């Protein structure tokens, strides 16, 4: 857990105009350490520098200042790509290929032997729920389906480290849940995930630690539980107490402290939706 | 294996654009037209066919080579497919080489189809086009391969349209080197009388064009075929190495530029 998968040192990116003059400071002195085996979330509003950070770590952009190391090698080292999976913000693939062909293509780029490629492609197509559409051209895919095939290609090499940029964008709640389950399974197998999102629920559900970026600056970082816990309030969960018991508890608590709120816990909308769909499928 | 993977899918993409069908159809129309042109003897018909087919192959081959090579990389960048491809364990020069190889394999197949159609027509007019014709096609292939690498080089730092125009410009200038050399000589003669700065500048510019751009006359073989003179092996070998030198220079520049390219 202590081994470092990603380390950035004052990583800065300034976009320049045609004349070489600074136009936008997209990322400003980012210092991060992401440990192996953890799910790390990069949070921030649009234009906060999340995607720029990912592109710098992948060698698609070069830093203006600072540096970064990914799996022990400088960012952009071609040999490191063998152990990396990447799902970009939007899924742009060869529109004339079908799911099997695109996975075969990417598998080939990793030097995976044909037999293994075919087996792995089949597994990933099933995992991402695209078995019925595997012969359809990607140009005919919906946005959600394109995200699924994007995730499949990111996993074709069984990577040690995976970069997911807005993995659930355009997906229905069932698809979102499936992607989150895949990410959690990935963690169980000791792999590292860097997840970029502006969907807070996604990050909260799966991430161990998060960093919040705003206008290119890192403004907060820490474990999700630590950041979300309200330390001066304690919550009790009691199963169906009688009115009398409740009244006595209130009296005791009011003597010692101020009771802020007593109410019934609520499901999240996602839980309600998934349960309702599951019930409907059963019937 | 990885470079071949890129080449294979570049070929696949081009073939799904129905390029073989379109070029084959136009070439077929050209061959049919040649049958209706008036000639004195059957030998003349064969000569006409060969002349037309080599011209047709050059034209269609050039358009296909420049169009496919010019769209290949910029389209990948524009459609952002490059994000996923460039984060795979494949060097940037390997990616460029794969792209060029894919386009070259399309050109090779196109030339094969057109040469095949020409042979079929020659069979029906009871003539033979002989080995010399295939040597000429091979020379054309060297020329078009060079054009693919020049165009790919352009796309590493220019847009699709500008690199296509630049490639065509190089192609036409490359066919006019004799004319350029004559102009240089003329200016030199005039310069002796009035050695002005302007003359020297113009002369230097034209000389630069004439020397820096490849001389495409090196690949010209249609005169050999029409006059039924066997294309010497030495001539072909020199053309091959001439193309190779320019290919290596173009590819080295392309790799260097592409290595430093960022994908925003």
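What the table below lists for this structure:
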| read-out | value |
| --- | --- |
| Anisotropy class of segment B:132-264 from Cα gyration tensor, a/c 1.5 cut | oblate |
| Beta bridge orientation in segment A:4-229: antiparallel %, DSSP, nearest 5 | 55 |
| Förster-model FRET efficiency, 30 Å R0, residue A:119 and residue A:271, C-beta, rounded to 0.05 | 0.30 |
| Additional length obtainable on full extension of the chain from residue A:252 to residue A:199, 0.36 nm per residue less Cα span | 15.0 nm |
| Gained length - residue B:200 relative to residue B:261, 0.36 nm times residue gap less alpha-carbon distance | 18.3 nm |
| Exposure proxy order (Cβ contacts within 10 Å, fewest to most) of A:70, B:137 | B:137, A:70 |
| Chain A - percent relative contact order, Cα under 8 Å, separation 6 or more | 22 |
| Packing-based exposure ordering (other Cβ within 10 Å, fewest first) of A:148, A:108, A:23 | A:23, A:108, A:148 |
| Shape of segment B:195-254, Cα gyration tensor, a/c cut at 1.5 | oblate |
| Relative contact order %, segment A:103-241, counting alpha carbon pairs below 8 Å whose residues are six or more apart | 16 |
| Debye-sum result for segment B:22-122 in log10 I(q)/I(0), which assumes one identical scatterer on each alpha carbon, at q = 0.20 Å⁻¹ | -0.94 |
| C-alpha center-to-center spacing [segment A:134-162, segment A:55-116] in angstrom | 13 |
| Listed residues B:75, B:88, B:143, most fluctuating in chain B (Gaussian network, C-alpha, under 10 Å) | B:88 |
| For B:106, A:259, B:257, B:162, order by how many other beta-carbon atoms lie within 10 Å, fewest first | A:259, B:162, B:257, B:106 |
| Residue-averaged 222 nm ellipticity for chain A, from DSSP H runs of 4+ at -39500 (n - 2.57), nearest 500 | -11000 deg cm²/dmol |
| Under the Debye formula (equal points on every Cα, no solvent term), log10 I(q)/I(0) of the protein assembly as shown at q = 0.08, 0.11 Å⁻¹ | -0.70, -1.06 |
| Longest to shortest principal axis, alpha-carbon extents of segment A:4-229, angstrom | 47, 47, 31 |
| Inter-chain Cβ neighbour average for residues B:71-82, partner chain, 10 Å | 2 |
| Cα pair distances exceeding 27 angstrom across chain B, given as percent | 46 |
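Quick note: the coordinates plus some simple rules give every number you see, no bench work behind them. All figures in this text were calculated on a predicted structure; none of them were measured in a lab. Neighbour counts are summed over all protein chains in view; Cβ atoms, including those assigned to glycine, are modelled from backbone coordinates with ideal geometry.
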